[in-house]
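Novice: I have a structure I would like to understand better, so I am pasting it below and will then ask my questions one at a time.
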Ligand code: ADP
């Protein structure tokens, strides 16, 4: 066979050759809608690539981006790797100190910033050392003098000089950092090959999420987080219409865009999707939607969410699991032929599992006794290997025990695996509750609590206990105007779990603290718990 390198340039070329008339639509910061075709996208991307090269970007150089989801960010996703550079999107929800640390650690050479995000950039620019700052004009005000204008440099690029980087599929193309909930953020490099294979695997209808040219896809997941789950690459590969929401991620703006652009597939973390469900439920007839699939991932998906979308709106919610380290999607919960014959209840039981590994991803799990049997019951830490799994962290010799001696990635997630390979994540190893020598899954408790009609969000943490060593403690956010007592919640859980699983204590709070990408921040809850406890003790 030919020695054909799997590179980002080949995705761009295919998009231009096959899908030139398909559209890319963006909601811009001034709320106007920008539309152009794949043909425009390809032409501008090539011009940008040439312009960046002229400004001094060479193979292996990193270009940071500080941008929302929009067409120019998509252009950067392609232009930078197409000249052998590495695109490095920065998570704009991190603190200025973390952003400075990350830019310095990555040794980024240029940065491309949304004009509306300049106030954030100004907060850390004195801490970093970049040779160029390029600004995307988005407002009436002119761009500050020492910065370059994205549109002006792009216009000056000559498409004919475009010389795509195709010589090494193993070269780095994309960089991202873990969100650093424990310790400093760690750098991760995706290669041209890993991105391409990951895109192929996620596209499969039978085991991935099944996107095709017929789809109109709106990724809610930000392009600054783990390559927006690879959507910008997978959608372009098959010529799907792409819709970008810009900075407007509230349920109302998203639903309006779903309606006006006839979006068929979207994807985001459960906390954002729950807001969309509540908005829909508040006036079910208001929106005429074409949505067929919602991809959920990033944290465990509550059963009521999958059930409500299916039964009330006829929308399939696919539960996926992943981590930044694996590009980032690793599994998806789809119906097998066996499950299609099962009852609706059993199908929902399946849908809340994390599902089956994507092609090329190998799984195993182990506990103190060794590798766990695939019996759907025994728990162990999940380990992975495959062509889109990291082999090491960037500039990190000591990866604090993240890899096994034979080179598999230790995920830190505690899972069971069924005999046919279906993964069910029980907890992160650091969140598992060990009570009286038995494991309790905080995710299972949270899922069940969020089934209660008056509960909006629930997060369960382990707290110290003199008799049992640890007990589960539940933080509850109620739905607007609703109340429920701790006793009612205990009774609600009583027939779902063994008695020792049921939390004795519940605390009602206004909001669960969340990470920069909307996951429950259990470390913050533990701090709240400890602070309260120590003030009680000292009081
Ligand atoms: P961070 O570790 O910084 O939160 P990631 O976004 O890479 O960054 O998070 C990966 C982790 O998120 C996984 O290891 C897992 O614990 C959790 N996770 C992701 N998807 C799911 C899911 N569907 N169900 C349960 N946990 C999930």
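The values are calculated or read from the model by the stated rules, or taken from the named source; none is laboratory data. This structure is a prediction, so every number in the text was calculated from the model and none was measured. Please note: Cβ atoms are built from the backbone with ideal geometry, for glycine as well, and neighbour counts cover all protein chains shown.
Novice: Of the numbered conditions (1) modelled with pLDDT of 95 or more; (2) assigned to a loop (DSSP other than H, G, I, E, B), residue 208 satisfies every one except a single condition; which is it?
Specialist: (1)
Novice: When only residues in region 1-42 that are part of a helix (DSSP H, G or I) and out of contact with any helix residue (DSSP H, G or I) (no Cβ under 6 Å at 6 or more places or on another chain) count, which is nearest to residue 67 (Cα to Cα)?
Specialist: Pass one, region 1-42, residues part of a helix (DSSP H, G or I): 8-18, 38-42.
This time we only want the ones that are out of contact with any helix residue (DSSP H, G or I) (no Cβ under 6 Å at 6 or more places or on another chain), so: 10, 13-14, 17-18, 39-41.
Details: 10: 25, 13: 25, 14: 26, 17: 28, 18: 28, 39: 23, 40: 20, 41: 17 Å.
Only one residue tops the list, namely 41.
Novice: Only one of 379, 329 is surrounded by 23 or more Cβ atoms within 10 Å (Cβ to Cβ) and closer than 14 Å to residue 423 by Cα. Can you tell me which? Reasoning before the result, please.
Specialist: Working: 379 fails: surrounded by 23 or more Cβ atoms within 10 Å (Cβ to Cβ).
After applying the criteria, what remains is 329.
Novice: Additional query: Taking residue 444 as the residue in question, decide whether it is within 20 Å of the chain's Cα centre (by Cα) and touching a residue at least 40 places away in the same chain (Cβ under 8 Å).
Specialist: Values: within 20 Å of the chain's Cα centre (by Cα): no; touching a residue at least 40 places away in the same chain (Cβ under 8 Å): yes.
So residue 444 fails the test.
Novice: Next up: Could you tell me whether any residue of region 119-132 is surrounded by 13 or more Cβ atoms within 10 Å (Cβ to Cβ) and either assigned to a loop (DSSP other than H, G, I, E, B) or outside the structural domain of residue 40 (by TED's automatic domain parsing) (or both)?
Specialist: Yes: region 119-132 contains one or more residues that are surrounded by 13 or more Cβ atoms within 10 Å (Cβ to Cβ) and either assigned to a loop (DSSP other than H, G, I, E, B) or outside the structural domain of residue 40 (by TED's automatic domain parsing) (or both).
Novice: Quickly run through region 420-436 and pick out the residues that are closer than 17 Å to residue 321 by Cβ and more than 10 Å from the ligand (Cβ to nearest atom).
Specialist: Hits for region 420-436 are 420, 421, 422, 432.
Novice: Regarding residue 376, is this residue away from the ligand (no atom under 16 Å from the Cβ) and outside the structural domain of residue 441 (by TED's automatic domain parsing)?
Specialist: Numbers: away from the ligand (no atom under 16 Å from the Cβ): yes; outside the structural domain of residue 441 (by TED's automatic domain parsing): yes.
Taking the combined requirement at face value, the residue satisfies it.
Novice: In region 159-174, is there at least one residue being under 18 Å from the mean Cα position of the chain (by Cα) and either loosely packed, with under 14 Cβ neighbours inside 10 Å or outside any loop (DSSP other than H, G, I, E, B) (or both)?
Specialist: Applying the first criterion (under 18 Å from the mean Cα position of the chain (by Cα)) to region 159-174 yields 174.
Imposing the further condition that a residue be either loosely packed, with under 14 Cβ neighbours inside 10 Å or outside any loop (DSSP other than H, G, I, E, B) (or both) reduces the set to 174.
So far as region 159-174 goes, yes, one or more of its residues are under 18 Å from the mean Cα position of the chain (by Cα) and either loosely packed, with under 14 Cβ neighbours inside 10 Å or outside any loop (DSSP other than H, G, I, E, B) (or both).
Novice: Something else: Residue 267: assigned by TED's automatic domain parsing to the domain that holds residue 232, under 17 Å from the mean Cα position of the chain (by Cα), surrounded by 16 or more Cβ atoms within 10 Å (Cβ to Cβ) and touching a residue at least 60 places away in the same chain (Cβ under 8 Å), yes or no?
Specialist: On the way: assigned by TED's automatic domain parsing to the domain that holds residue 232: yes; under 17 Å from the mean Cα position of the chain (by Cα): yes; surrounded by 16 or more Cβ atoms within 10 Å (Cβ to Cβ): yes; touching a residue at least 60 places away in the same chain (Cβ under 8 Å): no.
It is false that residue 267 is assigned by TED's automatic domain parsing to the domain that holds residue 232, under 17 Å from the mean Cα position of the chain (by Cα), surrounded by 16 or more Cβ atoms within 10 Å (Cβ to Cβ) and touching a residue at least 60 places away in the same chain (Cβ under 8 Å).
Novice: Condition test on residue 380, is it more than 23 Å from residue 451 (Cβ to Cβ), in contact with a strand residue (DSSP E or B) (Cβ under 8 Å, 6 or more places away or on another chain) and free of Cβ contacts under 8 Å to residues at least 40 places away in the same chain? Spell out the reasoning first.
Specialist: Values: more than 23 Å from residue 451 (Cβ to Cβ): yes; in contact with a strand residue (DSSP E or B) (Cβ under 8 Å, 6 or more places away or on another chain): yes; free of Cβ contacts under 8 Å to residues at least 40 places away in the same chain: yes.
Yes, satisfied.
Novice: Oh, and also: Just a yes or no: is a residue in region 308-318 under 27 Å from residue 522 (Cβ atoms) and assigned to a strand (DSSP E or B)? So that I can check it myself, show each step before the final result.
Specialist: Taking region 308-318 first, the residues under 27 Å from residue 522 (Cβ atoms) are 308-309, 317-318.
Subset that is assigned to a strand (DSSP E or B): 317-318.
There is at least one residue in region 308-318 that is under 27 Å from residue 522 (Cβ atoms) and assigned to a strand (DSSP E or B).
Novice: For region 481-514, how many residues are out of contact with any helix residue (DSSP H, G or I) (no Cβ under 9 Å at 6 or more places or on another chain) and either closer than 20 Å to residue 434 by Cβ or assigned to a loop (DSSP other than H, G, I, E, B) (or both)?
Specialist: 10
Novice: Would you mind stating whether residue 388 is crowded, with 16+ Cβ neighbours inside 10 Å, assigned to a loop (DSSP other than H, G, I, E, B) and modelled with pLDDT under 95?
Specialist: On the way: crowded, with 16+ Cβ neighbours inside 10 Å: yes; assigned to a loop (DSSP other than H, G, I, E, B): yes; modelled with pLDDT under 95: no.
No.
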